[in-house]
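*Asks:* Here's a structure for you.
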Amino acid sequence: MMSGTVSSWILSSARSSIILQGKGRWYSICIPNRNKIKWKLVFSKTCPYPAGSCSLDRTFSFPKAFRHTSTEEEHFSFQLSPAQINDILRAGELSHRTLDLNGKNGNSVLRFESNQLASNSPIEDRRSAATCLQTAGMMFGVFDGHAGAACAQAVSERLLHYIAVSLMPRQSLEEIELAVEAMKPVRPILQWHRHPNDVEYREITSQYFENLRVYWQHLLDLDTEPGFSLEEAMICAFKRLDSDISLEVQAPQENELMRNIALQVAFSGATACVAHIDGVHLHVANTGDCRAVLGVREEDGTWSTLPLTRDHNAYDEFEIRRLKREHPRSEEKTLFVNDRLLGILMPSRAFGDVQLKWSKELQHSILENSCDVEALNIYQYVPPNYHTPPYLTAEPEVTYHKLRSKDKFLVIASDGLWEMLSNEQVVKLVAGHLTELNMQKPPLTFKKPVNLGYMHNLLLQRKSKGLASLDQNTATHLIRHAIGSNEYGEVDPEKLAAMLTLPEDLARMYRDDITVTVVHFNSETIEDYYRSHE
(Lines give C-alpha, C1' and ligand atoms only; values in the text may rest on other atoms or scores of the structure.)
Protein backbone atom coordinates (compact mmCIF):
# COMPACT_ATOMS: atom_id res chain seq x y z
CA MET A 1 0.00 0.00 0.00
CA MET A 2 1.21 3.49 -0.70
CA SER A 3 2.46 5.69 2.09
CA GLY A 4 -0.05 7.90 3.89
CA THR A 5 1.74 11.01 2.67
CA VAL A 6 1.31 10.16 -1.01
CA SER A 7 -2.27 8.91 -0.72
CA SER A 8 -3.40 11.89 1.37
CA TRP A 9 -1.77 14.31 -1.10
CA ILE A 10 -3.65 12.71 -3.99
CA LEU A 11 -6.98 12.84 -2.19
CA SER A 12 -6.57 16.38 -0.87
CA SER A 13 -5.60 17.69 -4.31
CA ALA A 14 -8.68 16.01 -5.76
CA ARG A 15 -11.06 17.52 -3.24
CA SER A 16 -9.68 20.99 -3.80
CA SER A 17 -10.43 20.92 -7.55
CA ILE A 18 -11.80 24.18 -8.90
CA ILE A 19 -15.54 24.18 -9.64
CA LEU A 20 -17.00 26.96 -11.74
CA GLN A 21 -20.67 27.81 -11.90
CA GLY A 22 -22.57 26.57 -14.92
CA LYS A 23 -24.01 23.46 -16.47
CA GLY A 24 -20.78 21.52 -16.18
CA ARG A 25 -17.56 21.55 -14.18
CA TRP A 26 -14.15 22.82 -15.18
CA TYR A 27 -11.44 20.94 -13.34
CA SER A 28 -7.94 22.26 -12.80
CA ILE A 29 -5.96 19.30 -14.00
CA CYS A 30 -2.53 18.42 -12.63
CA ILE A 31 -0.55 16.15 -14.93
CA PRO A 32 2.88 15.15 -13.62
CA ASN A 33 5.53 15.19 -16.35
CA ARG A 34 8.79 14.10 -14.74
CA ASN A 35 9.91 17.17 -12.81
CA LYS A 36 7.39 19.49 -14.44
CA ILE A 37 3.75 20.06 -13.60
CA LYS A 38 1.32 20.82 -16.41
CA TRP A 39 -2.03 22.38 -15.64
CA LYS A 40 -4.88 22.47 -18.04
CA LEU A 41 -8.62 22.96 -17.91
CA VAL A 42 -10.82 20.09 -19.02
CA PHE A 43 -14.56 20.32 -19.27
CA SER A 44 -16.53 17.43 -17.82
CA LYS A 45 -20.28 17.05 -18.11
CA THR A 46 -21.98 15.61 -15.10
CA CYS A 47 -25.34 14.76 -16.69
CA PRO A 48 -25.69 10.95 -17.08
CA TYR A 49 -27.44 9.31 -19.99
CA PRO A 50 -31.09 8.64 -19.15
CA ALA A 51 -32.70 5.30 -19.88
CA GLY A 52 -33.43 4.89 -23.55
CA SER A 53 -31.01 7.56 -24.74
CA CYS A 54 -28.18 6.87 -27.13
CA SER A 55 -24.65 6.81 -25.75
CA LEU A 56 -21.67 6.28 -28.02
CA ASP A 57 -19.29 5.49 -25.18
CA ARG A 58 -19.47 1.71 -25.11
CA THR A 59 -15.99 0.33 -24.79
CA PHE A 60 -13.75 -1.45 -22.30
CA SER A 61 -12.77 0.22 -19.06
CA PHE A 62 -10.98 -0.76 -15.89
CA PRO A 63 -12.29 -3.87 -14.16
CA LYS A 64 -14.64 -2.42 -11.56
CA ALA A 65 -13.18 -4.64 -8.82
CA PHE A 66 -9.94 -2.69 -9.02
CA ARG A 67 -11.02 0.91 -9.48
CA HIS A 68 -12.69 3.18 -6.97
CA THR A 69 -15.74 5.10 -8.13
CA SER A 70 -15.43 8.14 -5.86
CA THR A 71 -12.92 10.04 -3.76
CA GLU A 72 -15.50 9.97 -0.96
CA GLU A 73 -15.32 6.21 -0.36
CA GLU A 74 -14.62 5.30 3.24
CA HIS A 75 -12.16 2.50 2.55
CA PHE A 76 -9.85 4.05 -0.02
CA SER A 77 -6.91 1.77 -0.88
CA PHE A 78 -4.26 1.81 -3.59
CA GLN A 79 -3.28 -1.84 -3.07
CA LEU A 80 -3.10 -4.11 -6.13
CA SER A 81 -1.29 -7.37 -6.65
CA PRO A 82 1.19 -7.62 -9.57
CA ALA A 83 -1.27 -9.94 -11.34
CA GLN A 84 -4.09 -7.41 -10.98
CA ILE A 85 -1.85 -4.63 -12.30
CA ASN A 86 -1.01 -6.75 -15.34
CA ASP A 87 -4.67 -7.61 -15.92
CA ILE A 88 -5.57 -3.91 -16.06
CA LEU A 89 -2.61 -2.88 -18.19
CA ARG A 90 -2.99 -5.73 -20.68
CA ALA A 91 -6.77 -5.64 -21.12
CA GLY A 92 -6.56 -3.57 -24.31
CA GLU A 93 -3.58 -5.29 -25.94
CA LEU A 94 -3.65 -5.89 -29.68
CA SER A 95 -0.85 -7.35 -31.79
CA HIS A 96 -0.59 -8.52 -35.37
CA ARG A 97 2.25 -10.05 -37.37
CA THR A 98 2.25 -9.42 -41.11
CA LEU A 99 2.51 -12.58 -43.21
CA ASP A 100 1.76 -13.30 -46.86
CA LEU A 101 -0.14 -16.32 -48.18
CA ASN A 102 3.02 -18.44 -47.99
CA GLY A 103 3.57 -17.60 -44.34
CA LYS A 104 6.47 -15.28 -45.16
CA ASN A 105 6.84 -11.58 -44.57
CA GLY A 106 7.63 -9.54 -47.66
CA ASN A 107 6.06 -6.43 -46.15
CA SER A 108 8.04 -3.52 -44.77
CA VAL A 109 5.79 -3.79 -41.70
CA LEU A 110 7.01 -6.73 -39.66
CA ARG A 111 4.32 -6.44 -36.96
CA PHE A 112 2.45 -3.92 -34.89
CA GLU A 113 1.40 -3.77 -31.26
CA SER A 114 -1.20 -1.51 -29.69
CA ASN A 115 -2.83 -0.84 -26.34
CA GLN A 116 -5.11 1.62 -24.54
CA LEU A 117 -5.58 2.69 -20.94
CA ALA A 118 -8.59 4.72 -19.88
CA SER A 119 -8.59 7.76 -17.64
CA ASN A 120 -11.98 9.11 -18.64
CA SER A 121 -14.84 6.76 -17.90
CA PRO A 122 -15.53 5.60 -20.51
CA ILE A 123 -12.38 6.12 -22.58
CA GLU A 124 -12.53 8.82 -25.27
CA ASP A 125 -9.55 7.62 -27.34
CA ARG A 126 -9.93 5.32 -30.33
CA ARG A 127 -7.51 3.48 -32.64
CA SER A 128 -7.62 1.83 -36.06
CA ALA A 129 -5.38 -0.49 -38.05
CA ALA A 130 -6.09 -1.95 -41.47
CA THR A 131 -4.53 -3.48 -44.56
CA CYS A 132 -5.58 -1.87 -47.84
CA LEU A 133 -7.02 -4.60 -50.07
CA GLN A 134 -7.55 -2.65 -53.29
CA THR A 135 -4.48 -0.44 -53.03
CA ALA A 136 -1.05 -1.16 -51.58
CA GLY A 137 -0.14 -0.43 -48.00
CA MET A 138 -1.23 -0.57 -44.39
CA MET A 139 -2.76 2.21 -42.28
CA PHE A 140 -2.60 2.92 -38.56
CA GLY A 141 -4.56 5.62 -36.76
CA VAL A 142 -4.84 7.06 -33.25
CA PHE A 143 -7.77 9.34 -32.42
CA ASP A 144 -8.06 11.45 -29.27
CA GLY A 145 -11.61 12.48 -28.49
CA HIS A 146 -12.82 15.34 -26.32
CA ALA A 147 -16.25 16.32 -24.99
CA GLY A 148 -17.16 12.65 -25.34
CA ALA A 149 -16.07 9.75 -27.50
CA ALA A 150 -18.61 10.14 -30.31
CA CYS A 151 -16.45 12.03 -32.80
CA ALA A 152 -13.37 9.89 -32.20
CA GLN A 153 -15.53 6.79 -32.67
CA ALA A 154 -16.93 8.00 -36.00
CA VAL A 155 -13.54 9.11 -37.32
CA SER A 156 -11.89 5.83 -36.32
CA GLU A 157 -14.52 3.88 -38.27
CA ARG A 158 -14.61 6.10 -41.35
CA LEU A 159 -11.35 7.93 -42.03
CA LEU A 160 -9.30 4.98 -43.30
CA HIS A 161 -12.06 4.19 -45.80
CA TYR A 162 -12.02 7.77 -47.07
CA ILE A 163 -8.25 7.61 -47.53
CA ALA A 164 -8.42 4.25 -49.31
CA VAL A 165 -11.16 5.49 -51.68
CA SER A 166 -9.09 8.60 -52.42
CA LEU A 167 -6.23 6.35 -53.54
CA MET A 168 -8.21 3.94 -55.70
CA PRO A 169 -7.90 4.14 -59.50
CA ARG A 170 -10.92 5.13 -61.54
CA GLN A 171 -11.54 1.58 -62.77
CA SER A 172 -11.79 0.23 -59.23
CA LEU A 173 -14.21 2.98 -58.23
CA GLU A 174 -16.35 2.25 -61.29
CA GLU A 175 -16.44 -1.47 -60.41
CA ILE A 176 -17.59 -0.69 -56.88
CA GLU A 177 -20.26 1.72 -58.09
CA LEU A 178 -21.59 -0.80 -60.64
CA ALA A 179 -21.77 -3.48 -57.97
CA VAL A 180 -23.72 -1.19 -55.62
CA GLU A 181 -26.13 -0.17 -58.40
CA ALA A 182 -26.75 -3.83 -59.23
CA MET A 183 -27.13 -4.64 -55.53
CA LYS A 184 -24.27 -7.12 -55.74
CA PRO A 185 -21.63 -7.72 -53.07
CA VAL A 186 -18.88 -5.12 -53.03
CA ARG A 187 -15.29 -6.23 -52.73
CA PRO A 188 -13.96 -5.13 -49.32
CA ILE A 189 -11.72 -2.09 -49.35
CA LEU A 190 -9.98 -2.72 -46.02
CA GLN A 191 -9.06 -5.68 -43.86
CA TRP A 192 -9.44 -4.43 -40.31
CA HIS A 193 -7.21 -5.50 -37.44
CA ARG A 194 -9.36 -4.95 -34.36
CA HIS A 195 -9.31 -5.71 -30.66
CA PRO A 196 -12.46 -7.56 -29.53
CA ASN A 197 -13.35 -4.52 -27.40
CA ASP A 198 -12.89 -1.99 -30.22
CA VAL A 199 -16.38 -0.63 -30.80
CA GLU A 200 -18.22 -0.58 -34.10
CA TYR A 201 -21.65 1.05 -34.36
CA ARG A 202 -23.67 -1.03 -36.74
CA GLU A 203 -26.77 1.11 -36.20
CA ILE A 204 -25.41 3.83 -38.49
CA THR A 205 -23.08 1.84 -40.76
CA SER A 206 -25.45 2.05 -43.72
CA GLN A 207 -25.57 5.85 -43.57
CA TYR A 208 -21.78 6.03 -43.33
CA PHE A 209 -21.53 3.79 -46.39
CA GLU A 210 -23.98 5.94 -48.36
CA ASN A 211 -21.96 9.08 -47.66
CA LEU A 212 -18.74 7.30 -48.60
CA ARG A 213 -20.47 6.34 -51.85
CA VAL A 214 -21.38 9.99 -52.51
CA TYR A 215 -17.67 10.76 -52.09
CA TRP A 216 -16.48 8.19 -54.62
CA GLN A 217 -19.23 9.31 -57.00
CA HIS A 218 -17.77 12.80 -56.71
CA LEU A 219 -14.35 11.39 -57.60
CA LEU A 220 -15.86 9.61 -60.61
CA ASP A 221 -17.48 12.87 -61.74
CA LEU A 222 -14.06 14.43 -62.16
CA ASP A 223 -13.22 14.81 -65.84
CA THR A 224 -9.99 12.86 -65.57
CA GLU A 225 -8.42 10.10 -63.51
CA PRO A 226 -8.40 11.41 -59.91
CA GLY A 227 -4.65 10.82 -59.76
CA PHE A 228 -4.18 12.04 -56.19
CA SER A 229 -0.73 11.82 -54.72
CA LEU A 230 -0.75 10.12 -51.36
CA GLU A 231 -0.38 13.45 -49.61
CA GLU A 232 -3.30 14.94 -51.57
CA ALA A 233 -5.41 11.84 -50.92
CA MET A 234 -4.89 12.07 -47.17
CA ILE A 235 -5.64 15.79 -47.04
CA CYS A 236 -8.74 15.39 -49.20
CA ALA A 237 -9.99 12.46 -47.10
CA PHE A 238 -9.58 14.34 -43.80
CA LYS A 239 -11.36 17.43 -45.09
CA ARG A 240 -14.14 15.49 -46.81
CA LEU A 241 -14.94 13.41 -43.72
CA ASP A 242 -15.07 16.51 -41.53
CA SER A 243 -17.39 18.16 -44.04
CA ASP A 244 -19.63 15.08 -44.04
CA ILE A 245 -19.78 15.12 -40.22
CA SER A 246 -20.97 18.73 -40.40
CA LEU A 247 -23.52 18.10 -43.15
CA GLU A 248 -24.98 14.95 -41.61
CA VAL A 249 -26.17 16.79 -38.53
CA GLN A 250 -27.78 19.48 -40.70
CA ALA A 251 -29.66 16.99 -42.90
CA PRO A 252 -33.20 15.97 -41.87
CA GLN A 253 -33.29 12.61 -40.11
CA GLU A 254 -36.40 10.52 -39.65
CA ASN A 255 -34.57 8.09 -37.39
CA GLU A 256 -34.11 9.62 -33.91
CA LEU A 257 -31.18 7.35 -33.06
CA MET A 258 -29.23 8.45 -36.14
CA ARG A 259 -30.13 12.06 -35.42
CA ASN A 260 -28.79 11.78 -31.89
CA ILE A 261 -25.58 10.09 -33.05
CA ALA A 262 -25.00 12.78 -35.68
CA LEU A 263 -25.47 15.48 -33.03
CA GLN A 264 -23.05 13.82 -30.61
CA VAL A 265 -20.43 13.32 -33.31
CA ALA A 266 -20.60 16.91 -34.59
CA PHE A 267 -20.67 18.59 -31.18
CA SER A 268 -17.82 16.54 -29.74
CA GLY A 269 -14.37 16.54 -31.31
CA ALA A 270 -11.31 14.44 -32.10
CA THR A 271 -7.72 14.88 -33.12
CA ALA A 272 -6.21 12.29 -35.46
CA CYS A 273 -2.85 10.92 -36.54
CA VAL A 274 -2.78 8.37 -39.38
CA ALA A 275 0.21 6.61 -40.93
CA HIS A 276 0.12 5.00 -44.39
CA ILE A 277 2.99 2.59 -45.11
CA ASP A 278 3.54 1.22 -48.61
CA GLY A 279 6.93 -0.47 -49.03
CA VAL A 280 9.54 2.12 -48.07
CA HIS A 281 7.09 5.00 -48.44
CA LEU A 282 5.77 6.32 -45.13
CA HIS A 283 3.23 9.14 -45.00
CA VAL A 284 1.86 10.52 -41.74
CA ALA A 285 -1.16 12.83 -41.67
CA ASN A 286 -1.74 14.70 -38.42
CA THR A 287 -4.55 16.95 -37.21
CA GLY A 288 -4.18 18.10 -33.61
CA ASP A 289 -1.89 16.93 -30.84
CA CYS A 290 -1.50 13.20 -31.31
CA ARG A 291 2.07 12.47 -32.33
CA ALA A 292 4.18 10.11 -34.48
CA VAL A 293 7.86 9.47 -33.77
CA LEU A 294 10.36 7.25 -35.58
CA GLY A 295 12.96 5.20 -33.70
CA VAL A 296 16.28 5.10 -35.61
CA ARG A 297 19.23 2.86 -34.82
CA GLU A 298 22.41 4.57 -36.01
CA GLU A 299 25.45 2.75 -37.38
CA ASP A 300 27.29 3.07 -34.07
CA GLY A 301 24.43 1.30 -32.26
CA THR A 302 22.99 4.41 -30.60
CA TRP A 303 19.36 5.37 -30.96
CA SER A 304 18.01 8.65 -32.30
CA THR A 305 14.54 10.13 -32.58
CA LEU A 306 12.89 11.49 -35.72
CA PRO A 307 9.59 13.34 -35.05
CA LEU A 308 7.17 13.08 -37.98
CA THR A 309 4.49 15.45 -36.67
CA ARG A 310 4.22 18.70 -34.77
CA ASP A 311 1.54 19.45 -32.21
CA HIS A 312 -1.14 21.82 -33.44
CA ASN A 313 -1.77 24.05 -30.43
CA ALA A 314 -1.02 27.47 -28.94
CA TYR A 315 2.60 26.50 -28.26
CA ASP A 316 3.33 26.14 -31.97
CA GLU A 317 4.41 29.36 -33.69
CA PHE A 318 3.31 28.11 -37.12
CA GLU A 319 -0.23 27.56 -35.85
CA ILE A 320 -0.37 30.95 -34.20
CA ARG A 321 0.73 32.64 -37.44
CA ARG A 322 -1.71 30.56 -39.51
CA LEU A 323 -4.69 31.56 -37.39
CA LYS A 324 -3.66 35.20 -37.36
CA ARG A 325 -3.53 35.16 -41.17
CA GLU A 326 -7.04 33.70 -41.33
CA HIS A 327 -8.69 36.25 -39.02
CA PRO A 328 -8.78 40.04 -38.70
CA ARG A 329 -6.00 41.84 -36.86
CA SER A 330 -8.58 42.99 -34.32
CA GLU A 331 -8.80 39.37 -33.08
CA GLU A 332 -5.07 38.73 -32.66
CA LYS A 333 -5.22 38.96 -28.86
CA THR A 334 -8.34 36.82 -28.49
CA LEU A 335 -7.52 33.91 -30.80
CA PHE A 336 -5.59 32.20 -28.00
CA VAL A 337 -6.52 32.83 -24.38
CA ASN A 338 -4.72 30.93 -21.61
CA ASP A 339 -2.97 28.89 -24.31
CA ARG A 340 -6.26 27.63 -25.72
CA LEU A 341 -8.09 28.38 -28.92
CA LEU A 342 -10.62 31.08 -27.93
CA GLY A 343 -9.89 30.06 -24.35
CA ILE A 344 -11.69 26.74 -24.93
CA LEU A 345 -9.75 24.10 -26.84
CA MET A 346 -6.16 22.94 -26.44
CA PRO A 347 -5.64 21.62 -30.02
CA SER A 348 -5.97 24.10 -32.86
CA ARG A 349 -7.01 21.46 -35.42
CA ALA A 350 -9.67 18.79 -34.94
CA PHE A 351 -12.60 16.91 -36.44
CA GLY A 352 -16.10 17.86 -35.30
CA ASP A 353 -16.27 20.69 -32.75
CA VAL A 354 -18.83 22.55 -34.85
CA GLN A 355 -19.16 25.07 -31.99
CA LEU A 356 -15.87 26.52 -33.28
CA LYS A 357 -16.71 26.18 -36.99
CA TRP A 358 -20.35 27.17 -37.50
CA SER A 359 -21.95 30.58 -37.24
CA LYS A 360 -23.86 31.32 -34.05
CA GLU A 361 -27.08 31.34 -36.06
CA LEU A 362 -26.53 27.87 -37.51
CA GLN A 363 -25.68 26.42 -34.11
CA HIS A 364 -28.82 27.91 -32.61
CA SER A 365 -30.97 26.66 -35.49
CA ILE A 366 -29.71 23.07 -35.25
CA LEU A 367 -29.90 22.80 -31.46
CA GLU A 368 -33.31 24.41 -30.99
CA ASN A 369 -34.83 21.85 -33.36
CA SER A 370 -33.16 18.91 -31.64
CA CYS A 371 -34.23 16.64 -28.85
CA ASP A 372 -32.95 17.10 -25.32
CA VAL A 373 -29.33 18.14 -25.87
CA GLU A 374 -28.71 17.94 -22.13
CA ALA A 375 -29.45 14.22 -22.23
CA LEU A 376 -26.99 13.86 -25.11
CA ASN A 377 -24.25 15.64 -23.11
CA ILE A 378 -24.03 18.41 -25.69
CA TYR A 379 -22.69 21.57 -24.12
CA GLN A 380 -24.15 24.79 -25.51
CA TYR A 381 -21.59 27.54 -25.18
CA VAL A 382 -20.50 30.31 -27.52
CA PRO A 383 -17.12 31.68 -26.42
CA PRO A 384 -16.47 35.41 -26.12
CA ASN A 385 -14.98 37.12 -29.19
CA TYR A 386 -16.59 34.62 -31.55
CA HIS A 387 -16.75 36.85 -34.62
CA THR A 388 -15.32 35.22 -37.78
CA PRO A 389 -15.76 31.43 -37.74
CA PRO A 390 -14.47 28.93 -38.59
CA TYR A 391 -11.66 29.02 -36.06
CA LEU A 392 -10.90 25.33 -36.32
CA THR A 393 -9.92 23.07 -39.22
CA ALA A 394 -9.51 19.32 -39.71
CA GLU A 395 -7.00 19.79 -42.53
CA PRO A 396 -3.93 17.70 -41.69
CA GLU A 397 -0.25 18.27 -42.18
CA VAL A 398 1.28 15.38 -44.11
CA THR A 399 4.89 14.30 -43.67
CA TYR A 400 6.67 11.97 -46.08
CA HIS A 401 9.62 9.81 -45.06
CA LYS A 402 11.42 7.18 -47.13
CA LEU A 403 12.19 4.29 -44.83
CA ARG A 404 15.79 3.16 -44.38
CA SER A 405 17.05 -0.08 -42.90
CA LYS A 406 18.06 1.82 -39.76
CA ASP A 407 14.45 2.95 -39.19
CA LYS A 408 13.30 0.29 -36.73
CA PHE A 409 9.90 1.35 -35.41
CA LEU A 410 7.18 4.00 -35.47
CA VAL A 411 5.27 5.09 -32.36
CA ILE A 412 1.88 6.77 -32.82
CA ALA A 413 0.14 7.85 -29.64
CA SER A 414 -2.44 10.21 -28.18
CA ASP A 415 -1.20 13.14 -26.13
CA GLY A 416 -1.81 11.18 -22.93
CA LEU A 417 1.51 9.44 -23.56
CA TRP A 418 3.45 12.52 -24.66
CA GLU A 419 2.34 14.47 -21.58
CA MET A 420 4.18 11.89 -19.48
CA LEU A 421 7.14 10.96 -21.68
CA SER A 422 9.30 12.87 -24.16
CA ASN A 423 9.99 11.65 -27.70
CA GLU A 424 13.49 10.61 -26.64
CA GLN A 425 12.24 8.73 -23.58
CA VAL A 426 9.71 6.83 -25.69
CA VAL A 427 12.32 5.75 -28.24
CA LYS A 428 14.74 4.77 -25.47
CA LEU A 429 12.07 2.70 -23.73
CA VAL A 430 11.06 0.86 -26.90
CA ALA A 431 14.69 0.21 -27.88
CA GLY A 432 15.57 -1.04 -24.40
CA HIS A 433 12.50 -3.24 -24.28
CA LEU A 434 13.30 -4.83 -27.65
CA THR A 435 16.87 -5.49 -26.52
CA GLU A 436 15.68 -7.04 -23.28
CA LEU A 437 13.18 -9.26 -25.07
CA ASN A 438 15.81 -10.44 -27.54
CA MET A 439 18.29 -11.16 -24.75
CA GLN A 440 15.75 -13.28 -22.92
CA LYS A 441 14.65 -15.20 -26.01
CA PRO A 442 17.36 -17.81 -26.57
CA PRO A 443 17.03 -19.58 -29.89
CA LEU A 444 15.14 -22.84 -29.68
CA THR A 445 17.60 -25.61 -30.56
CA PHE A 446 15.82 -28.90 -31.05
CA LYS A 447 17.14 -32.38 -30.45
CA LYS A 448 15.82 -34.92 -32.88
CA PRO A 449 13.27 -36.30 -32.57
CA VAL A 450 11.40 -33.41 -30.91
CA ASN A 451 8.83 -34.45 -28.31
CA LEU A 452 6.37 -32.54 -26.16
CA GLY A 453 8.36 -33.11 -23.00
CA TYR A 454 11.47 -31.55 -24.53
CA MET A 455 9.49 -28.54 -25.77
CA HIS A 456 7.92 -28.14 -22.32
CA ASN A 457 11.35 -28.08 -20.68
CA LEU A 458 12.57 -25.40 -23.09
CA LEU A 459 9.57 -23.21 -22.30
CA LEU A 460 10.14 -23.67 -18.56
CA GLN A 461 13.76 -22.58 -19.05
CA ARG A 462 12.59 -19.39 -20.77
CA LYS A 463 10.09 -18.71 -18.00
CA SER A 464 12.74 -19.21 -15.30
CA LYS A 465 14.87 -16.54 -16.98
CA GLY A 466 12.15 -13.96 -16.39
CA LEU A 467 10.61 -13.72 -19.85
CA ALA A 468 7.12 -14.26 -18.47
CA SER A 469 7.45 -11.16 -16.28
CA LEU A 470 8.09 -8.88 -19.25
CA ASP A 471 5.36 -7.20 -21.26
CA GLN A 472 5.35 -8.90 -24.62
CA ASN A 473 3.45 -5.93 -26.04
CA THR A 474 5.68 -2.87 -26.50
CA ALA A 475 2.72 -0.48 -26.23
CA THR A 476 1.93 -1.92 -22.80
CA HIS A 477 5.56 -1.40 -21.78
CA LEU A 478 5.28 2.28 -22.72
CA ILE A 479 2.02 2.77 -20.83
CA ARG A 480 3.45 1.05 -17.74
CA HIS A 481 6.40 3.46 -17.70
CA ALA A 482 4.29 6.50 -18.59
CA ILE A 483 2.13 6.22 -15.48
CA GLY A 484 4.44 4.33 -13.14
CA SER A 485 7.96 5.68 -13.59
CA ASN A 486 9.75 7.47 -10.77
CA GLU A 487 12.35 10.23 -11.13
CA TYR A 488 14.98 7.62 -12.01
CA GLY A 489 13.01 6.23 -14.95
CA GLU A 490 12.18 3.01 -13.09
CA VAL A 491 8.67 1.67 -12.57
CA ASP A 492 7.56 2.24 -8.97
CA PRO A 493 5.00 -0.48 -8.10
CA GLU A 494 3.31 1.75 -5.50
CA LYS A 495 2.91 4.65 -7.89
CA LEU A 496 1.68 2.32 -10.63
CA ALA A 497 -0.94 0.80 -8.33
CA ALA A 498 -2.09 4.26 -7.24
CA MET A 499 -2.42 5.53 -10.81
CA LEU A 500 -4.48 2.47 -11.77
CA THR A 501 -6.87 2.63 -8.81
CA LEU A 502 -7.58 6.35 -8.81
CA PRO A 503 -11.34 6.98 -8.66
CA GLU A 504 -13.13 7.97 -11.83
CA ASP A 505 -13.64 11.53 -10.57
CA LEU A 506 -9.93 11.88 -9.82
CA ALA A 507 -8.00 9.92 -12.44
CA ARG A 508 -8.28 12.67 -15.06
CA MET A 509 -6.42 15.03 -12.74
CA TYR A 510 -3.26 12.93 -13.03
CA ARG A 511 -3.33 11.39 -16.47
CA ASP A 512 -5.24 11.44 -19.73
CA ASP A 513 -6.53 8.51 -21.76
CA ILE A 514 -3.51 6.85 -23.37
CA THR A 515 -3.52 5.04 -26.72
CA VAL A 516 -0.31 3.72 -28.25
CA THR A 517 0.47 1.86 -31.48
CA VAL A 518 4.01 0.68 -32.19
CA VAL A 519 4.78 -0.39 -35.77
CA HIS A 520 7.93 -2.50 -36.17
CA PHE A 521 9.67 -2.42 -39.56
CA ASN A 522 11.19 -5.32 -41.47
CA SER A 523 14.79 -4.24 -42.08
CA GLU A 524 15.47 -7.11 -44.49
CA THR A 525 12.58 -6.15 -46.74
CA ILE A 526 13.70 -2.52 -46.73
CA GLU A 527 17.28 -3.53 -47.58
CA ASP A 528 15.99 -5.75 -50.40
CA TYR A 529 14.16 -2.75 -51.86
CA TYR A 530 17.32 -0.68 -52.04
CA ARG A 531 19.35 -3.58 -53.45
CA SER A 532 16.80 -4.12 -56.21
CA HIS A 533 16.77 -0.39 -57.06
CA GLU A 534 20.52 0.16 -57.23
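The values are calculated or read from the model by the stated rules, or taken from the named source; none is laboratory data. Computed from a prediction, not measured in an experiment: that's the story for all the values here. Neighbour counts run over all protein chains shown; Cβ positions are idealised from the backbone, glycine included. Areas reflect the complete protein model, heavy atoms only, side chains present, ligands, DNA and RNA absent. Shrake-Rupley method; radii C 1.70, N 1.55, O 1.52, S 1.80 Å.
*Asks:* May I ask you to list the residues of the range 122-150 whose amide nitrogen lies under 20 Å from a point 7 Å from Cα along the Cα→beta-carbon direction of residue 194?
*Replies:* Inside the label zone: 122-134, 138-145, 149-150.
*Asks:* Moving on to the next point. Roughly how many nanometres apart are two label points built 7 Å out from the Cα toward the Cβ at residue 490 and residue 187?
*Replies:* So the label points at residue 490 and residue 187 sit 5.7 nm apart.
*Asks:* Cα to Cα, under 17 Å, and not fewer than 8 places away if on the same chain: which aspartates and glutamates meet these conditions relative to residue 333?
*Replies:* Residue 333 reaches 316, 317, 319.
*Asks:* How many Å² of accessible area per residue for the range 233-332, probe 1.4 Å?
*Replies:* Here the residues of the range 233-332 average 40 Å² of exposed surface.
*Asks:* What ranking do 282-291, 326-335, 358-367, 130-139 get when scored by the average of other Cβ atoms within 10 Å per residue, highest first?
*Replies:* Most protected by this proxy first, the peptides run 282-291, 130-139, 358-367, 326-335.
*Asks:* Okay, moving on. Relative to the present Cα-Cα distance, how much length would full extension add between residue 87 and residue 374 at 0.36 nm per residue of separation?
*Replies:* Stretched out fully, the residue 87 to residue 374 stretch lengthens by 99.8 nm.
*Asks:* May I pose another question? Given the peptides 380-392, 158-170, arrange them by the average over their residues of other C-beta atoms within 10 Å, most packed first.
*Replies:* Per-residue Cβ counts within 10 Å, averaged per peptide and sorted highest first, yield 158-170, 380-392.
*Asks:* Here is a follow-up. Please calculate how many Å² of accessible area the range 99-213 carries per residue, with a 1.4 Å probe and no DNA, RNA or ligand atoms counted.
*Replies:* That works out to 39 Å² for each residue.
*Asks:* List the aspartates and glutamates whose alpha-carbon lies under 13 Å from that of residue 184, not counting same-chain residues fewer than 8 positions away?
*Replies:* 175
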